[in-house]
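Heads up, the thing below is written out as structure tokens.
The values are calculated or read from the model by the stated rules, or taken from the named source; none is laboratory data. The shown structure was predicted, so the numbers you read here are calculated from the model rather than taken from an experiment. When we count neighbours, we look across all protein chains shown, and the Cβ atoms used for this are built from the backbone with ideal geometry, even at glycine.
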Amino acid sequence: MSQLVSQSVGQPSANGSHREALRERHEWQPSAAQRSLAIATADEPFVTEGGVAIEHVELAYETWGRLNSKRDNAILVFHALTGDAHAASHEEIEDDRLGWWEPLIGPGRPIDTDRYFVICANALGSCYGSTGPCTLAPDGRRWNARFPALTVRDLVNANLRLLDRLGIDTLACAIGGSLGGMEAVELAVLAPERVKRTVVVAASGRFHAQGIAYNELQRRAIMLDPRWNGGDYDDATGPWDGVALARMVGMLTFQADESMTLRFGRNADARYHEWPEFHGRFDIEGYLHYQGDKLASRFDANSYLYLLRVMDSHDIGRDRGGVVEAARRITSPVTLIGIRTDILFPATHVQSTAEAITAAGREARYWELNSPHGHDAFLKEFDRLDTVLREGIGTDTAPHVPLKPVDLAERRTYESSLRAVAI
């Protein structure tokens, strides 16, 4: 314990502007492949579910592969809460950074770009190129908290407008994880005639009370930061500490006790020392501080607030007679994947969504990933997701990418696998 108490109390290891400097180190940059398309104009405004008309809306997006002559081979990929349109790199672009679903998108991969035309758009309300709180309103000022409230249905409708502009009537598949999974299942209900297959990873048909509670903690962290200023701030004065703290709370929902124990244990030798400490710092504390600062350096606070509330809005049964009744609208087969250790979207909720779809007389298959990595498993366990995703998407090509090796120490602790569950 002497290692712990020998540390200073309440003093940061860097000066007070360390998080401002971090913004310069980590600031997000778009891929050269990112494009933007106007999906709303003054003559054809985008009307939110709440009835607010937005006269100018742009969505940033990227594509991979080629659209065939029938224009029916498109796959729409939805990203998670703080994701962007860069789901995978583009081999034709030198030094293009890797994408968040890199092992799943490309030639011969589950989302096979030799066969499919793949689209991923930055969500409406985000800050990675699409219209949202940090873009300019008609008066020339940032929207900030004046931006209208959004729901999952709004995000889906924005993507449908993008498809209209691209001349795509029907998708071969809609797929996403986390918030992206919410959008995928909502699309299957909202516009069943526009999707042939649906794959939902680490998400369910409606968000649950504990998830909303975790989101509220994150909201309060940002709103209590004086620099939030009621949502009225600019790039130079944002509530970075509030965003960092919110992300620390979020990290607890993305991971699980098993993975944190495997990775950090009770190691008191922290590798990150940018925040004030109180009688020492465990490694897990430094990890949370690092992840908080990392997000604060690249993501807009208001966008974070808006998208958290988007997640809270999710319920395919809202104003449709309940989840089972809403599921009767679905015409595509739906593959749902839950994660045993997921806190943000407990596997029981994902399975109950599959059960509701089958109770409605529609086709659903539920798989459960036995992983210690919690919610983040959908961004880590690519090799184990491979075969199931191919089945759900309808990709009949065999995998030829090397499988991700499993750390031997982890293998001794758990056996990660996917199992089909009868529903």
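Only one of the listed residues (Glu258, Glu274) is surrounded by 15 or more Cβ atoms within 10 Å (Cβ to Cβ), more than 15 Å from Ala80 (Cβ to Cβ), modelled with pLDDT under 95 and out of contact with any strand residue (DSSP E or B) (no Cβ under 8 Å at 6 or more places or on another chain). That residue is Glu274.
Is it true that some residue in the range 100-116 is within 25 Å of Ala244 (Cα to Cα) and either surrounded by fewer than 20 Cβ atoms within 10 Å (Cβ to Cβ) or assigned by TED's automatic domain parsing to the domain that holds Val201 (or both)? Looking through the range 100-116, at least one residue is within 25 Å of Ala244 (Cα to Cα) and either surrounded by fewer than 20 Cβ atoms within 10 Å (Cβ to Cβ) or assigned by TED's automatic domain parsing to the domain that holds Val201 (or both). For the range 330-372, the tally of residues that are over 17 Å from Arg384 (Cβ atoms) and basic (Lys, Arg) stands at 1.
Each residue in the range 164-181 was checked for being closer than 14 Å to Ser332 by Cβ and assigned to a loop (DSSP other than H, G, I, E, B), and 2 of them qualify. Would you confirm, using the coordinates I've provided, whether Ala145 is within 29 Å of Gly250 (Cβ to Cβ), modelled with pLDDT of 95 or more, over 20 Å from the mean Cα position of the chain (by Cα) and not charged (D, E, K, R)? The answer is yes for Ala145. A single member of Gly140, Gly167 is outside the structural domain of Met251 (by TED's automatic domain parsing), surrounded by fewer than 24 Cβ atoms within 10 Å (Cβ to Cβ), in contact (Cβ under 8 Å) with a residue 24 or more places away in the chain and out of contact with any strand residue (DSSP E or B) (no Cβ under 8 Å at 6 or more places or on another chain), and it is Gly167.
For Asp139, are the conditions met, namely being over 18 Å from the mean Cα position of the chain (by Cα) and within 18 Å of Thr41 (Cα to Cα)? So Asp139 fits the description; yes.
To keep it simple, each residue is scored yes or no on (1) in a helix (DSSP H, G or I); (2) among the charged types (D, E, K, R); (3) surrounded by fewer than 19 Cβ atoms within 10 Å (Cβ to Cβ); (4) touching a residue at least 12 places away in the same chain (Cβ under 8 Å).
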{"position": "Glu183", "(1), (2), (3), (4)": "yes, yes, no, yes"}
{"position": "Ala188", "(1), (2), (3), (4)": "yes, no, no, yes"}
{"position": "Ala203", "(1), (2), (3), (4)": "no, no, no, yes"}
{"position": "Gly230", "(1), (2), (3), (4)": "yes, no, yes, yes"}
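For the range 308-344, a tally of residues being assigned to a helix (DSSP H, G or I) and either modelled with pLDDT under 95 or crowded, with 24+ Cβ neighbours inside 10 Å (or both) returns 3.
Summed over the range 232-251, the residues that are surrounded by fewer than 20 Cβ atoms within 10 Å (Cβ to Cβ) and more than 18 Å from the chain's Cα centre (by Cα) give a count of 5. Residues in the range 42-65 that are surrounded by 13 or more Cβ atoms within 10 Å (Cβ to Cβ) and in contact (Cβ under 8 Å) with a residue 24 or more places away in the chain: 16 in all.
So if I check each of Thr253, Thr261, which one is among the β-branched types (Val, Ile, Thr) and under 19 Å from Ala213 (Cα atoms)? So the residue among Thr253, Thr261 that is among the β-branched types (Val, Ile, Thr) and under 19 Å from Ala213 (Cα atoms) is Thr253.
Yes/no matrix, rows are residues, columns are (1) in a loop (DSSP other than H, G, I, E, B); (2) over 21 Å from Arg109 (Cβ atoms); (3) at pLDDT below 95:
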position: Val350; (1), (2), (3): no, yes, no
position: Ala354; (1), (2), (3): no, yes, no
position: Tyr366; (1), (2), (3): no, yes, no
position: Asp376; (1), (2), (3): no, no, no
position: Arg384; (1), (2), (3): no, no, yes
position: Gly392; (1), (2), (3): no, no, no
position: Asp396; (1), (2), (3): yes, no, yes
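Checked against the criterion of being part of a helix (DSSP H, G or I) and within 14 Å of Val57 (Cβ to Cβ), the range 109-121 has no qualifying residue. Is it true that Leu418 is modelled with pLDDT under 95, within 25 Å of the chain's Cα centre (by Cα) and part of a strand (DSSP E or B)? Spelling it out, Leu418 is indeed modelled with pLDDT under 95, within 25 Å of the chain's Cα centre (by Cα) and part of a strand (DSSP E or B).
With respect to Gly65, determine if the residue is modelled with pLDDT under 95 and either more than 23 Å from Thr82 (Cα to Cα) or in the same structural domain as Trp240 (by TED's automatic domain parsing) (or both). Here the answer is no, as Gly65 does not meet what is asked.
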